[in-house]
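What follows is calculated from the coordinates using simple rules that are stated; it is not laboratory data. Since the structure is predicted, the reported quantities are computational estimates derived from the model, not experimental observations. Cβ coordinates were reconstructed from backbone atoms using ideal geometry, including for glycine residues, and neighbour counts include every protein chain displayed.
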Amino acid sequence: MIRLTALVVLLLGQTPSQSLAPFAATPEDVVARMLALAEVKPGDVVYDLGCGDGRIPIAAAKLGAHGVGIDIDPQRITESKANAKAAGVEAMVEFRVQDAMTVDVSGASVVTLYLLGSSNAKLRPMLTKSLKPGSRIVSHAFSMGRDWPADKIDQFVNASGDEVTLYLWKIK
């Protein structure tokens, strides 16, 4: 078991308890649909927990929102910053190397997630405690559990032909 754990740390650069999901980029058309579902507009502050290459905060910035990307992997944050610069929105986004479980999201009006269902469940208490009424949470592919049904579910086939489910919750 120790060898397997060491291999995971070597390959991922983090311990299994730190990782809330493997990195898998959200397709661009799914990003657009997530932001539309959350009704992102200028003045919104969009936090993406587990931001990967930064595409969600960057897309939010292109809509006039302020994007904040959080990822535990420094390599992903470096990539996100480069992508924001290439997109010309670096003044509208910020990226932080931080554990999504400990980030202060109280300034967010929208939180986006593409994490595992178990990770969403772990984040739920922090999100419901920290977010202001009217804030929105959008999750790609995974719910928050049976005891917190989504306010809205969007199911569609994306440009690659994959069936996609998005979940939206509004903080009351």
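Backbone amide hydrogens, once placed in the peptide plane, bring ASP48 within less than 5 Å of VAL68, GLY69, ILE70, THR112, excluding anything fewer than 5 places away on its chain. The simple Förster model, with R0 at 35 Å and r as the Cβ-Cβ distance, assigns THR102 and ASP29 a FRET efficiency of 0.65. Net charge dipole, the range 34-172: roughly 400 debye, given to the nearest 20, about the Cα centre with Cβ charges of +1 for Lys and Arg and -1 for Asp and Glu. In whole Å, what is the distance between the alpha-carbon centres of the range 119-139 and the range 20-43? About 16 Å separates the Cα centre of the range 119-139 from the one of the range 20-43.
For the range 63-109, the Cβ-based charge dipole about the Cα centre amounts to some 140 debye (Lys, Arg positive; Asp, Glu negative; other atoms uncharged). A value for P(r) over Cα pairs in 10 Å bins from 0, in percent was derived from the coordinates, and within the list (i) 8, 27, 26, 20, 12, 6, 1; (ii) 10, 40, 37, 12, 2; (iii) 9, 30, 32, 22, 7, 0 it appears as (ii). Taking each of LYS85/LYS129; LYS62/LYS132; LYS81/LYS172; LYS122/LYS152 in turn, the alpha-carbon distance tops 29 angstrom for LYS85/LYS129; LYS81/LYS172.
Comparing GLY50, GLY145, GLY69 in a Gaussian network model of the chain (Cα springs below 10 Å), the most mobile by mean-square fluctuation is GLY145. A Förster radius of 22 Å, combined with the Cβ-Cβ distance separating LYS122 from ASP154, puts the computed FRET efficiency at roughly 0.40. Applying 1/(1 + (r/R0)^6) with r as the Cβ-Cβ distance of LYS132 and GLU90 and R0 = 25 angstrom yields a FRET efficiency of 0.40.
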